[in-house]
1. Out of Ala168, Ala139, which single residue is of a type in the set (A, V, I, L, M) and either over 30 Å from Ile210 (Cα atoms) or modelled with pLDDT under 95 (or both)?
2. With the requirement that a residue be touching a Pro at 6+ places or on another chain (Cβ under 9 Å) and crowded, with 20+ Cβ neighbours inside 10 Å, what does segment 2-13 give you?
3. Quick check on my filter: what residues within segment 250-266 are part of a loop (DSSP other than H, G, I, E, B) and either crowded, with 16+ Cβ neighbours inside 10 Å or free of Cβ contacts under 8 Å to residues at least 24 places away in the same chain (or both)?
4. Assuming Thr189 fulfils every condition listed in (1) polar (S, T, N, Q); (2) more than 14 Å from the chain's Cα centre (by Cα); (3) within 24 Å of Ile16 (Cβ to Cβ) apart from one, which condition is it?
5. I'd like to verify a number: residues in segment 28-60 that are closer than 21 Å to Val120 by Cα and either free of Cβ contacts under 8 Å to residues at least 40 places away in the same chain or not assigned by TED's automatic domain parsing to the domain that holds Ser72 (or both), how many?
6. Restricting the first residue to segment 216-245 and requiring it to be more than 20 Å from Gly268 (Cβ to Cβ), which pairs with a second residue that is at pLDDT 95 or above and among the basic types (Lys, Arg) meet a Cβ separation below 8 Å and a spacing of at least six or different chains?
7. Among the residues of segment 114-132, how many are touching a Pro at 6+ places or on another chain (Cβ under 9 Å), crowded, with 21+ Cβ neighbours inside 10 Å and either among the hydroxyl-bearing types (Ser, Thr, Tyr) or in contact (Cβ under 8 Å) with a residue 60 or more places away in the chain (or both)?
8. At pLDDT 95 or above and assigned to a strand (DSSP E or B): which single residue out of Phe25, Phe6 fits that description?
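The values are calculated or read from the model by the stated rules, or taken from the named source; none is laboratory data. A quick note: this is a predicted structure, and the numbers were derived from the prediction, not measured. All Cβ positions, glycine included, derive from the backbone under ideal geometry; neighbour counts span all protein chains shown.
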Amino acid sequence: MTTIGFLGFGEASFNIADGLREEGFAGVHAYDAAWQTPPAQAMIAERAAQAQVALHPSAEALIRAVDIVICSISASAAVPVARQVAPLLRVGQIYVDLNSAGPDTKRAVEALMPEGIPFVDVAIMGTVPGLRHKVPMLASGPGAAAFAAFGNAHGMGITALDGPTGMASASKMFRSIFMKGYVMLLLETVIAGRAFGIEEDVLASIGQSIRTDDFRKTASDLMCRAVIHAERREHEMDEVVATLNSLGLDATMSVAGRDKLAWCKDRGLRDHFGGKPPADFQDILAALSA
């Protein structure tokens, strides 16, 4: 039976391991640098017991015991940990980096792998608690297909991309531009709305405007109209920023929106498309490339 070992047994590792346990998979091992140190010791031991995970006293012991090594720590530690454990890996193992790191970091980890150790760049594309092992994941790199085949056979939701290391993590990083920016944009909006006691009304209006069953079409339509009307909307955002400033409120996201509209205007996209919105956002990308 194939066995897996988590380097780091935090929230993500625990939830994935516990989900695999419910699938009937019993080959999960883990090592966490804090597992013998209070106060983390009790929590890690409790999680391991619930998920029926075998804890190991060292990274070396873990790697000796498993076939697939999954690093799940933090982006800042991904390279140092890979450098530490790379000499311990043996031919036939797969090294999976599950950390929320960018493509450059993933490629730096891959460069440390010994010959014969397929590397997998994995990006978690959802919230692990709740979805647990079924959380959507993207995988790229030399070992992506093998890792996806293993994981999906045990109920995981891994999509192996046909591309090099960095493709999966890039998808997650670029998704974060929207997801993290969107949330902060909402926060700036409701804080501003609160100044006039209309935050609920503003949210309701936004909800009506972006309700859709076809997000790609809606997103494309929004972008295509925005590049044509960028100059007018830039001036509108000048008024938004002025209003927020007059209220003494932070305008970070509004300033960024105004500046991006100015960027669109400066690209000359309105003239390029003859003042008419293009049919699809891919036309915008083509124009920018040209």
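1. Ala139
2. The answer is Ala12, and nothing else.
3. Ala251
4. Result: Thr189 passes all but (3).
5. Residues flagged as closer than 21 Å to Val120 by Cα and either free of Cβ contacts under 8 Å to residues at least 40 places away in the same chain or not assigned by TED's automatic domain parsing to the domain that holds Ser72 (or both) within segment 28-60 amount to 6.
6. Asp238/Arg258; Val240/Arg258; Val241/Arg258
7. The total comes to 0.
8. Answer to the check: Phe6.
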